[in-house]
Amino acid sequence: MSENLPSMDSAPQKAHVAFLGLGHMGGPMAINLVQAGYRVVGFDVVPAALETARAHGIPTVDSAAEAIAGADVVLTMLPSGKHLLDAYRGVGGQPGLLSVAGPDTLFLDCSTINVDEAREASALALGAGHRAMDAPVSGGVVGAEAGTLTFMVGAPPEDFESVKPLLEVMGKRIVHCGDHGAGQAAKVCNNMILGVSMIAVSEAFVLGEKLGLTHQALFDVASAASGQCWALTTNCPVPGPVPTSPANRDYQPGFAGALMAKDLKLALNALESTGVAARLGPLASEIYDTFAAEGGADRDFSGIITDIRDKSGR
Ligand code: NAD
């Protein structure tokens, strides 16, 4: 389809994109495509999401099949791999997207899902005569609205090049990570680093408190020394040293605890399926599961520091 795909970067004809999943992330991403002149047809299984999308200028239809009729690209932004695989295959007597789409359609999934599910989804799409790509994102709702997401892409090089201009409308960093599944692999590895490092930074701040160190003193040393990392220098879990971090607004996300718990579960699945002898990743998964279950689901994940402090006694 590379040859058939309408130019994704310039007039006169831009790709026709079926956008499925118009939630917190998908909604603003679709708006950016509409504003850049792409022909977007949106669909979501929740009527309220469809209504919000319409109110923001996204053309919508009442079924996935209608959305993908004549589409060059089927872009999905769904909650999980099960949602994606069910949609691709079809459930409850509904035909799957893969059987409804025209030949050689590009199935571009931007959801965050298991690496194995991404590979399965790609294999199904290729088997049905289409092209496929996993392109999960980081940057959250703020990045989706601003068009500054990072895309981590798993696809053959020629497909990556053909879709890059479209991704550049929604993101500012587009990284080709390798073949099918490599985008999800990069995402899961990065978020495992993030989950573990936020716990380490939070434990260090609570230890500093116990030892009589001010937050600022620890920040001034660690942010310029070997302890520096994004969890400290951008998303600092204590108020003060980084005025824009969620700690300064009572841990409003940011990146919600429920999403960190979800992503660490994906990391755990990948660790188990590959047999990696990791200890901190699984522990971080357990810690964030508890955090999310005990009121942290809708708070920024850096709020984990309050749990550590609360459980530290005295
Ligand atoms: P969301 O729940 O707000 O949106 C998902 C949407 O998909 C919902 O509106 C739901 O109704 C819709 N949906 C489910 N099944 C569908 C189907 N078969 N067809 C059409 N629509 C369907 O979730 P979100 O926050 O937008 O996240 C979407 C994905 O992006 C998730 O995989 C998430 O892990 C990932 N992600 C989220 C963030 C974030 O900050 N929210 C950041 C990075 C990645």
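Side notes on the structure shown:
- Conditions (1) open to solvent by less than 30 Å² (accessible area, probe 1.4 Å); (2) within 11 Å of the ligand (Cβ to nearest atom); (3) in contact with a helix residue (DSSP H, G or I) (Cβ under 6 Å, 6 or more places away or on another chain): number failed by VAL40: (2)
- Matching residues, the stretch 90-122, being open to solvent by 60 Å² or more (accessible area, probe 1.4 Å), without any contact (Cβ under 8 Å) to a residue 40 or more places away in the chain and in a helix (DSSP H, G or I): SER99, GLU120
- All conditions in (1) closer than 19 Å to ARG131 by Cβ; (2) hydrophobic (A, V, I, L, M, F, W, C); (3) within 23 Å of the chain's Cα centre (by Cα) hold for VAL45, with the sole exception of (1).
- Wholly enclosed helices (runs of 4 or more DSSP H) of the stretch 205-299 bearing at least 3 residues surrounded by fewer than 18 Cβ atoms within 10 Å (Cβ to Cβ): 215-222, 257-274, 280-291
- The stretch 178-196, residues that are outside any helix (DSSP H, G or I) and surrounded by 21 or more Cβ atoms within 10 Å (Cβ to Cβ): HIS180, GLY181
- Only a single item in (1) part of a helix (DSSP H, G or I); (2) of a type outside the set (D, E, K, R); (3) within 23 Å of the chain's Cα centre (by Cα) is not met by ALA132, and it is number (1).
- Options VAL153, VAL141, VAL100, VAL137: the member that is within 13 Å of the ligand (Cβ to nearest atom) and touching a His at 6+ places or on another chain (Cβ under 7 Å): VAL141
- When the residues of the stretch 137-148 are filtered to those that are over 9 Å from the mean Cα position of the chain (by Cα) and buried (at least 20 other Cβ atoms within 10 Å of the Cβ), the one that is nearest to ALA36 (Cα to Cα) is ALA144.
- Cβ-Cβ under 6 Å pairs, at least 6 apart or on other chains, the stretch 238-256 side in contact (Cβ under 8 Å) with a residue 60 or more places away in the chain, far side not β-branched (Val, Ile, Thr): VAL238/PHE205; VAL238/HIS215; VAL238/ALA247; PRO253/ASP300; GLY254/PRO246; GLY254/ASP300; PHE255/GLY140; PHE255/PHE301
- One residue alone among ALA125, ALA87 is under 20 Å from HIS16 (Cα atoms), within 11 Å of the ligand (Cβ to nearest atom) and part of a helix (DSSP H, G or I), and that residue is ALA87.
The values are calculated or read from the model by the stated rules, or taken from the named source; none is laboratory data. Fair warning: this is a prediction, and the values are worked out from it, not measured in the lab. Positions of Cβ are generated from backbone atoms using ideal geometry, with glycine treated the same way; all protein chains shown enter the neighbour counts. All accessible areas refer to the heavy atoms of the entire protein, side chains included, with ligands and DNA or RNA removed. Shrake-Rupley method; radii C 1.70, N 1.55, O 1.52, S 1.80 Å.
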